[in-house]
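The values are calculated or read from the model by the stated rules, or taken from the named source; none is laboratory data. Here the structure is a predicted model, which means the values were calculated and not measured. Don't worry about glycine lacking a Cβ; one is built from the backbone with ideal geometry, like all the others, and counts go over all protein chains shown.
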Amino acid sequence: MCRLAIFASGNGTNAQRIIEYFKGHRQVTVELLLCNKADAPVIGRAMRLGVRAEVFGKAELYETGQVSDLLEKCGITHLILAGFLWLIPSGLITRYSGRIINIHPALLPKYGGKGMYGMKVHEVVIASGDAESGITIHHVNERYDDGSIIFQARCLVEPGETAETLAAKVHKLEYRYYPGVIEKSVMRDV
């Protein structure tokens, strides 16, 4: 049985879709949502879907080991990042090696790294003149957006495209592909 913990920081539409996707799954469950912002809408989304939500700060993640202890106590086998903006500590990278997955709203290796998230990414893609953008689902290592690529999906950047219209296209790709790619990745460990 694969037991997932989702790390999120914001609105939580991807987290919600992941939770909904695995409701009733025979071999994969979402056990826990971990959030670093007490007022993030993702907390309410998770709780309405029956998933335990916990809020933590930098000390609990990087210094005291409380987040690590909670993951162990809950029997978590895989970590899923869905709009989580902090680096995962090296201890968790080692413990969950090959079992931490993130999604990025652009085609890596371009447009990744610290500070490249949300609308900033879409603005940079448009400014670059690239003809396409998309999503990258990848493993997580000690550097932002640097882990091995699991899957990419593409969309066109149309003439006159805005960051908002490109974001809408990218969100559709995220919703369509992320839960299924997670499922295929974690089922390899069953």
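How many of the residues making up segment 150-190 are in a helix (DSSP H, G or I) and within 30 Å of SER97 (Cβ to Cβ)?
Residues flagged as in a helix (DSSP H, G or I) and within 30 Å of SER97 (Cβ to Cβ) within segment 150-190 amount to 17.
Give the residues of segment 142-164 that are in contact with a strand residue (DSSP E or B) (Cβ under 6 Å, 6 or more places away or on another chain) and either in contact (Cβ under 8 Å) with a residue 60 or more places away in the chain or surrounded by fewer than 16 Cβ atoms within 10 Å (Cβ to Cβ) (or both), sorted by residue number.
SER148, ILE149, ARG154, LEU156, listed by residue number.
Would you pick out the residues in segment 121-155 that are among the basic types (Lys, Arg) and within 17 Å of the chain's Cα centre (by Cα)? Walk me through how you get there before you give the answer.
Taking segment 121-155 as the starting set, the residues that turn out to be among the basic types (Lys, Arg) are 143, 154.
The one that is among the basic types (Lys, Arg) and within 17 Å of the chain's Cα centre (by Cα): ARG143.
Looking only at segment 36-45, which residues are of a type in the set (A, V, I, L, M) and out of contact with any helix residue (DSSP H, G or I) (no Cβ under 9 Å at 6 or more places or on another chain)?
ALA38, ALA40, ILE43
Which condition from (1) touching a residue at least 24 places away in the same chain (Cβ under 8 Å); (2) under 26 Å from MET119 (Cβ atoms); (3) out of contact with any strand residue (DSSP E or B) (no Cβ under 9 Å at 6 or more places or on another chain) is the one that ARG45 breaks?
All conditions pass for ARG45, except number (3).
For segment 66-98, what are the residues that are in contact (Cβ under 8 Å) with a residue 60 or more places away in the chain and hydroxyl-bearing (Ser, Thr, Tyr)?
THR77
Of these, GLY91, GLY113, which one is over 14 Å from the mean Cα position of the chain (by Cα) and within 30 Å of HIS25 (Cβ to Cβ)?
It is GLY91.
Which members of segment 112-136 meet the condition of being of a type in the set (D, E, K, R) and more than 18 Å from LEU81 (Cα to Cα)?
Going through segment 112-136, the residues of a type in the set (D, E, K, R) turn out to be 114, 120, 123, 130, 132.
Within segment 112-136, LYS120, GLU123, ASP130, GLU132 meet the criteria.
Being at negative phi, in contact with a strand residue (DSSP E or B) (Cβ under 9 Å, 6 or more places away or on another chain) and assigned to a loop (DSSP other than H, G, I, E, B) is the filter; apply it to segment 111-137 and report the residue that is surrounded by the fewest Cβ atoms within 10 Å (Cβ to Cβ). Reasoning before the result, please.
First pass over segment 111-137, keeping only residues at negative phi: 112, 114, 116-117, 119-128, 130-133, 135-137.
Then drop every residue that is not in contact with a strand residue (DSSP E or B) (Cβ under 9 Å, 6 or more places away or on another chain), which leaves 112, 116-117, 121-122, 125-126, 131-133, 135-137.
Within this subset, residues satisfying the condition of being assigned to a loop (DSSP other than H, G, I, E, B) are 112, 116-117, 131.
Details: GLY112: 20, MET116: 17, TYR117: 19, ALA131: 10.
Filtering segment 111-137 for residues that are at negative phi, in contact with a strand residue (DSSP E or B) (Cβ under 9 Å, 6 or more places away or on another chain) and assigned to a loop (DSSP other than H, G, I, E, B), the one surrounded by the fewest Cβ atoms within 10 Å (Cβ to Cβ) comes out as ALA131.
What number goes with the only condition from (1) under 30 Å from CYS155 (Cα atoms); (2) at pLDDT 95 or above; (3) small (Gly, Ala, Ser) that GLY83 does not pass?
With respect to (1) under 30 Å from CYS155 (Cα atoms); (2) at pLDDT 95 or above; (3) small (Gly, Ala, Ser), GLY83 is out only on (2).
Tally the residues that are within 15 Å of VAL55 (Cα to Cα) and surrounded by fewer than 16 Cβ atoms within 10 Å (Cβ to Cβ), restricting the search to segment 75-95.
Residues meeting the conditions: 1.
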